[in-house]
Amino acid sequence: MLIINNLQVRYGNQLALSIKAPLTFDDGDRIGIIGSNGAGKTTLVKSILGLINYQGNITTDLKPEEIAVHMQHNHYVNTMAVKHIMETILNTRIKRNRALQELISFFDFEECLNKKYSALSGGQKQRFTIILVLIQDAPLVFFDEVTSGLDFETRQKLMSKMAAWYRNKNTTLCVVSHYYEELEQLVNKILILEEGQVVDFGNKEELFRKYCGNTVITIDNNQRNIDLTKNLIKIKAPDHLIALSCQSSSIEKEVTELLIREDINYKRSNNDIEIMSINAKARFFERKTGGIAHAEKTA
Amino acid sequence: MQKKQLNWKLVQYELRNISGNIFVIVFGVIFPILMSVLFSFVFKSSVPELLYTEIVTSVFITMSMIIPMAVLLIGYAANYSQELEKDIPLRLNLFGFRERTMLLAKMIAYLIFTTGSFLLYAGVDILLLDLQVPKPGSVLCLIASLYALSVILFILAHGLATLFKKFGPTYAVSMILYFGFMILCGMMGVTVDQLPSALKAIAKVLPMSYISSDYIKFWQGGKYNFAPLIQAYLFFGAVSAIILLLSFRKNQRKIK
């Protein structure tokens, strides 16, 4: 569907994005695009949409109008009720469009139709654009930080609704997000970007196995737990946690038995995107600094 | 998702957008009526009775140009620059509307709105003021001139807003142009002939100068040399078109 090769984006003298090896987005892929602030996520989306100048190749058989996008910030005029904006964008009448009525109802948006855009809450604003994006039924859809600024409950509701909407559909989704738990229910591939470069791209489970093993057990990071797990295989984790990597089910059994015996609460996961990405990035930086050190040595 | 074509719904949307802008209503609809009525009352006691209807008619012709200048040059530039600041045209573009389609819908909507404002202005002034009865050809000439001016001002306003992409500088430049045009073209009480020679030379390349000073001369018949007026229209139109093309070029999407 879309191949990115040798892509470079510069903002002035700064290299904002550099993708050397080809990246391929296939039909039906559900891709989570993650990375720190300034990693190049939105720059990548804008490049694909042709909104910024770039060097290199983005090859696709899609026309621009076949790509739908929910941008990070979406604004509309405040001079009329949102139902008029909706009817104009979709060139339809809500009263006569069954599919649109269902989608409005699906996102509980009926009561907002007569309000101006500025009068909508953050969640309602997001839902408004989501409805407009979903009803287009485009083969490739981007959601750029669709839930940023929303509270936990609203985020969860929104993502469950989106997951339900795209179930059994062959749409290619690219979801940019900082909230890993949202991606877990929506995507099957992960693209990790950092400092404008690709850390890794692949199937969610494969990446997890590559960087975390079969499963990961996480426990609180305190002295007792550090002492207890000093002989176990640990991988990088957020500061408040200790992540124990289990390469096989027998190791996992030993670890969990130990934790139960010691009455320690733990969490098991075989798809934790956050821990996977932390470890992927750590290895990426090791390679990078290793590369630099090696180059310096050779010189 | 299909490429969105120009349709009536899009024009309706733009009409709602214009009507929701209080500035356009005040300065593009109410202000010209107030100005023409106010000037005619002021002149009633200060000019000889024989000249009164001619002067009031001249004020009516001159003030009619405030409508396109306020609605398009200021109102549209302000409205559209605010939209650009919030990336609203980009948002619509990403929903499949081509920039040209949106531009055409805006132009049609603004011309419809301007027509409504002209009709209201003419209706109120005919009822309240003692205007000279024109020759049909003169009225048609004024109408054609006002529409040509509206289209050029629309192009200029769109170009300015798209080039600056921010409300502040767009509003500042359009206000400078608005008051500049008003001063140069005889709408602020100083006629073109009374201007210093350098300013008069600038005024002569603006079609508004000819409308405000010359149209009264053939309002009730007579001959008029349209060549300088047409030249002024061509020059003003060309400058506006160049600004618009530059703005298109600056905002082109890389994928077609």
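The values are calculated or read from the model by the stated rules, or taken from the named source; none is laboratory data. If you're wondering where the values come from, they're calculated on a predicted model, not measured in any experiment. Because the Cβ atoms are built from the backbone with ideal geometry, glycine has one as well, and the counts that use them run over all protein chains shown. Areas reflect the complete protein model, heavy atoms only, side chains present, ligands, DNA and RNA absent. Shrake-Rupley method; radii C 1.70, N 1.55, O 1.52, S 1.80 Å.
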Q) Dipole size in debye (nearest 20) for the protein assembly as shown around its Cα centre, Lys and Arg Cβ +1, Asp and Glu Cβ -1? A) 1060
Q. When every alpha-carbon pair in the protein assembly as shown is counted, what percent end up more than 41 Å apart?
A. 42
Q | Estimated inter-spin distance, A:Lys20 and B:Ile183, nm [label 7 Å along Cα→Cβ] | A | 6.1
Q.
Keeping all protein chains in the complex and leaving out DNA, RNA and ligands, what accessible area do you get for B:Phe181 with a 1.4 Å probe, in Å² to the nearest 10?
A. 20
Q: State the percentage of accessible surface on segment B:85-231 attributable to carbon and sulfur atoms; use a 1.4 Å probe and exclude ligands, DNA and RNA.
A: 70
Q. Total Å² of accessible surface buried at the B-A contact, 1.4 Å probe, nearest 100?
A. 2800
Q. For chain A, what is the mean residue ellipticity at 222 nm derived from helices alone (per DSSP H run of n ≥ 4: -39500 (n - 2.57); sum divided by total residues; nearest 500 deg cm²/dmol)?
A. -12000 deg cm²/dmol
(Q) Ordering B:Trp219, A:Trp165, B:Trp8 by accessible area with a probe of 1.4 Å, largest first, what comes out? (A) B:Trp8, A:Trp165, B:Trp219
Q: Collect residues whose amide H, placed 1.01 Å from N in the peptide plane, falls under 5 Å from the amide H of B:Lys135; neighbours closer than 5 in sequence don't count.
A: B:Gln220, B:Gly221
Q | Top positive-direction residue, dipole computed over segment A:2-203 with Cβ charges, set A:Phe25, A:Ala138, A:His75 | A | A:His75
Q: Report the FRET efficiency, 1/(1 + (r/R0)^6), for B:Asn7 and B:Ile176, where r is their Cβ-Cβ distance and R0 is 35 Å, rounded to 0.05.
A: 0.45
Q: Pull up all non-local amide H partners of A:Ala16: gap of 5 or more, or a different chain, and H-to-H distance under 5 Å with H placed in the peptide plane.
A: A:Val9, A:Arg10, A:Tyr11
Q. Taking Cα atoms, how many degrees apart are the long axis of helix A:273-298 and the longest axis of chain A, rounded to 10 and kept between 0 and 90?
A. 70
Q: Roll a 1.4 Å probe over the protein heavy atoms and report the accessible area of B:Ile22 in Å², nearest 10.
A: 120
Q. Ignoring ligands, DNA and RNA, what percent of the 1.4 Å accessible area of segment A:71-142 is carbon and sulfur?
A. 42
Q: Find out how many positive minus negative residues lie around B:Leu244, taking Lys and Arg as positive, Asp and Glu as negative, among other residues whose Cβ is under 13 Å from that of B:Leu244.
A: +3
Q. Looking at segment A:76-108, which residues lose a minimum of 30 Å² of accessible area between their chain alone and all protein chains in place, measuring with a 1.4 Å probe and not counting ligands or nucleic acids?
A. A:Tyr76, A:Val77, A:Thr79, A:Met80, A:His84, A:Thr88, A:Ile89, A:Asn91
Q: Excluding residues on the same chain fewer than 8 positions from B:Lys166, give the lysines whose Cα lies under 18 Å from its Cα.
A: B:Lys86, B:Lys250
Q. Accessible area per residue, 1.4 Å probe, Å², for the protein assembly as shown: what's the number?
A. 47
(Q) Below 8 Å between Cα atoms, with a sequence gap of 6+, how large is the relative contact order for chain B in percent? (A) 26
Q) Can you give the three extents of the C-alpha atoms in segment A:2-203 along their principal axes, from longest to shortest, in whole Å? A) 49, 32, 32
Q | Interface residues, segment B:1-42 - accessible area loss of 20 Å² or more versus chain alone, probe 1.4 Å | A | B:Met1, B:Lys3, B:Lys4, B:Asn7, B:Lys9, B:Tyr13, B:Arg16, B:Asn17, B:Gly20
Q.
List the residue ranges in chain B for DSSP H helices whose C-alpha atoms run 20 angstrom or more along the long axis and whose Kyte-Doolittle average is 1.0 or above.
A. B:31-46, B:49-64, B:99-128, B:136-164, B:167-184, B:227-250
Q | Sequence-distant aspartates and glutamates (8 or more away, or on other chains) whose Cα lies within less than 19 Å of A:Lys116 | A | A:Glu87, A:Asp108, B:Glu14, B:Glu83, B:Glu85, B:Asp87
**Q.** Computed E for A:Glu205/A:Thr92 - FRET, C-beta separation, R0 35 angstrom, nearest 0.05
**A.** 0.30
Q) What does the charge dipole of chain B about its Cα centre add up to, to the nearest 20 debye, if the Cβ of each Lys and Arg holds +1 and the Cβ of each Asp and Glu holds -1? A) 1460
Q: Would you tally the net charge around A:Val82, using a Cβ to Cβ cut-off of less than 10 Å, leaving A:Val82 out, and scoring K and R as +1, D and E as -1?
A: +3
Q. When the convex hull of the Cα atoms of segment A:98-248 is projected onto a plane and the area is averaged over all directions, what value comes out in nm²?
A. 12.3
Q: Using only the Cα atoms of chain B, each taken as one equal point scatterer with no solvent, compute I(q) by the Debye sum, divide by I(0), and report log10 of the ratio at q = 0.10, 0.14 Å⁻¹.
A: -0.51, -0.96
Q | Greater than 18 Å apart at Cα, pairs in A:Lys46/A:Lys157; A:Lys83/B:Lys3; B:Lys9/B:Lys165; A:Lys20/A:Lys210; A:Lys115/B:Lys4; A:Lys20/A:Lys288 | A | A:Lys46/A:Lys157; A:Lys83/B:Lys3; B:Lys9/B:Lys165; A:Lys20/A:Lys210; A:Lys115/B:Lys4
(Q) Among B:Met208, B:Met175, B:Met188, which one shows the highest mean-square fluctuation when chain B is modelled as a Gaussian network with alpha-carbon springs under 10 Å? (A) B:Met188
Q. Given that compact globular proteins tend to follow 2.2 N^0.38 Å, what is the ratio of the alpha-carbon Rg of segment B:1-130 to that value?
A. 1.33
Q: Using a 1.4 angstrom probe on the protein heavy atoms only, line up B:Glu54, B:Glu83 by accessible area, largest first.
A: B:Glu54, B:Glu83
Q | In order through segment A:113-122: 3J(HN,Hα) via Karplus (6.51 cos²θ - 1.76 cosθ + 1.60), integer Hz, x for Gly, Pro | A | 4, 8, 8, 7, 4, 5, 8, 7, 6, x
Q | Helical contribution to [θ] at 222 nm, DSSP H n ≥ 4, -39,500 (n - 2.57), averaged over chain B, rounded to 500 | A | -23000 deg cm²/dmol
Q: Over all alpha-carbon pairs of segment A:6-103, lay out the pair-distance distribution in 5 Å bins, whole %, shortest bin first.
A: 2, 9, 16, 18, 16, 12, 11, 9, 5, 1, 0
Q) Using bins 10 angstrom wide from zero, how does P(r) for segment A:214-297 break down, in % of all Cα pairs? A) 16, 44, 24, 12, 3
Q: Anything losing 10 Å² or more of accessible area from the isolated chain to the full protein assembly: pick those residues out of segment B:72-86, probe 1.4 Å, ligands and DNA/RNA ignored.
A: B:Lys86
Q: Distance from a point 7 Å along Cα→Cβ of A:Ala99 to each backbone N in segment B:97-119: keep the residues under 19 Å and list them by number.
A: B:97
